[in-house]
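Take a look at the structure set out below.
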Amino acid sequence: MKALVTGGGGFIGSNLALTLEREGYEVLVLDDFSNGDKENLLDFNGEIIPESINLVDLSRFQDVDVLFHCAAITDTTLVDKKLMMQVNVDGSKRLLEFAHANRKKFIYSSSAAVYGDATAPTREDMAGKPKNIYGVSKWEADRMAMKYMKDMHIIGLRYFNVFGPRESHKGKMASMIWQLRLQMLAGKRPRIFKYGEQKRDQVYVKDVVRANILGVQAKKSAIVNVGSGRAITFNRIVEVLNKVLGTSLEPDYFDNPYEDAYQNYTQADLTLAKEILGYSPEWSFEDAVRDYMKEEGVI
Ligand SMILES: NC(=O)c1ccc[n+]([C@@H]2O[C@H](COP(=O)([O-])OP(=O)(O)OC[C@H]3O[C@@H](n4cnc5c(N)ncnc54)[C@H](O)[C@@H]3O)[C@@H](O)[C@H]2O)c1
């Protein structure tokens, strides 16, 4: 089986490309490295095409069986609507049309950002009220995918908060686990919003990778949630990091400057993911954090 991974230099894409390769796929990576990092692909043996999804000559992917489309602008604070739409919507459309015309399977990365303030646990039919331009672009891509679903194999994966190896290039956009670990390893008290009881669905990248691969054999086309199905409080993140890193640093609480627009509770309803993909998370939060720190050589 031959696979193309767009955004394969990025966090999720590189973990996916490496796993696919280990599982016997022939893998091509397409990434313009506007955000990804070649270091993520040091162990990758396939071809890396350093071009944009908006411009690359797609005819070179005629012999690919499945497209895993992870490339996107992932800076959720970006306010350049035109750029966000060009990459996340027009770029996705280009790939989707190519997959449709050439009968390729299409597995793509969507986001829980399409839910905005919807009540948790969130079901897939609660989407449509994104709160920022990033979320709008992801929702537009989902709506486009829905139009093609009747006559092609499409799986859209709405990730919640993903964490794990190969995310450090994301800087301020990297996971909370990454940010807090950095502070704690520097001996600083972990800074979290008052009083740490906000809850987020934190999913390990290895579960996200598995959901992508399960998408290849999905029973039918659909857009499904990919999370851990659990809501972890910020205080619990600190507690687990202290345990795994062998530290005992108390949280340093501060006022949340985004209080009004902040999602205090996110959690994926995984019923549809289980039905369509046979997906349920394999990693507990604590085991995932320990595995992550081991992979990065921190413990
Ligand atoms: N990490 C998360 O928590 C999370 C949550 C929800 C959804 N997602 C989605 O998952 C996907 C992967 O995100 P990530 O966290 O790995 O982010 P990332 O920024 O590490 O990866 C995105 C990659 O796409 C590449 N890219 C950007 N524009 C491109 C273009 N025009 N042509 C080719 N490559 C381009 C970047 O260089 C980068 O390597 C994205 O679609 C993102 O929206 C991620």
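Coordinate-derived values only; no laboratory data. Just so it is clear, the structure is predicted and the values come from calculations on it, not from any experiment. Cβ atoms come from the backbone with ideal geometry, glycine included; neighbour counts cover every protein chain shown.
Taking a ≥ b ≥ c as the square roots of the Cα gyration tensor eigenvalues, with a/c under 1.5 meaning rounded and otherwise prolate when a/b beats b/c, else oblate, which class fits the chain? Since a/c reaches 1.5 and a/b is larger than b/c, the shape of the chain is classed as prolate. As I understand it, the value is the acute angle between the Cα axis of helix 234-245 and the longest principal axis of the Cα atoms of the chain; what does it come to in degrees, rounded to 10? Taking Cα atoms only, the helix is inclined about 90 degrees.
Neighbour counts of other Cβ atoms within 10 Å put Val27, Val64 in the fewest-to-most order Val64, Val27. Charge dipole of region 81-120 (Cα centre as origin; +1 on each Lys and Arg Cβ, -1 on each Asp and Glu Cβ, all else neutral): 240 debye, rounded to the nearest 20. For the pair region 2-33 and region 200-232, the centres of their Cα atoms are 17 angstrom apart. Listing Thr266, Thr6, Thr76, Thr119 from fewest to most neighbouring C-beta atoms within 10 Å gives Thr119, Thr76, Thr266, Thr6.
Is the shape of region 233-281 best called rounded, prolate or oblate, per the rule: a/c under 1.5 gives rounded, else a/b larger than b/c gives prolate, else oblate, with a ≥ b ≥ c the square roots of the Cα gyration tensor eigenvalues? Oblate is the answer for region 233-281, as a/c is 1.5 or above yet b/c matches or exceeds a/b.
Out of the DSSP beta bridges found with both residues in the chain, what percent are antiparallel (nearest 5)?
Taking every DSSP beta bridge with both residues in the chain, the antiparallel ones total about 5 percent.
Taking θ as phi - 60° and the Karplus parameters 6.51, -1.76 and 1.60, the scalar couplings of region 13-19 work out to x, 6, 4, 5, 4, 5, 5 Hz in sequence order, x denoting glycine and proline. Sorting Ser137, Ser284 by the number of Cβ atoms found within 10 Å of their own Cβ, with the fewest placed first, yields Ser284, Ser137. Net charge dipole, the chain: roughly 500 debye, given to the nearest 20, about the Cα centre with Cβ charges of +1 for Lys and Arg and -1 for Asp and Glu. Short-range pairs are left out: with C-alpha atoms under 8 Å and at least six residues apart, the relative contact order of region 16-82 is 28 percent. Listed peptides 250-258, 271-279 appear in the order 271-279, 250-258 once ranked by packing, highest mean of other Cβ atoms within 10 Å at the front. Put the Cα centre of region 76-128 next to the Cα centre of region 245-285 and the gap is 21 Å. Under 1.5 on a/c is rounded, so check that first for region 52-137, then, if it is not, pick prolate when a/b is larger than b/c and oblate when it is not; a ≥ b ≥ c are the square roots of the alpha carbon gyration tensor eigenvalues. Oblate is the answer for region 52-137, as a/c is 1.5 or above yet b/c matches or exceeds a/b.
For the residue pairs Lys147/Lys172; Lys129/Lys294; Lys138/Lys188; Lys81/Lys199; Lys147/Lys294, the C-alpha atoms sit more than 32 angstrom apart in Lys147/Lys172; Lys129/Lys294; Lys138/Lys188; Lys147/Lys294.
Its relative contact order, with pairs defined as Cα atoms under 8 Å and 6+ residues apart, puts region 61-159 at 35 percent.
What does the charge dipole of region 247-299 about its Cα centre add up to, to the nearest 20 debye, if the Cβ of each Lys and Arg holds +1 and the Cβ of each Asp and Glu holds -1?
In total the dipole reaches around 260 debye.
Residues in region 160-166 carry Karplus couplings, in order, of 8, 7, 9, 9, x, x, 6 Hz; the curve used is 6.51 cos²θ - 1.76 cosθ + 1.60 with θ = phi - 60°, and Gly or Pro positions show x.
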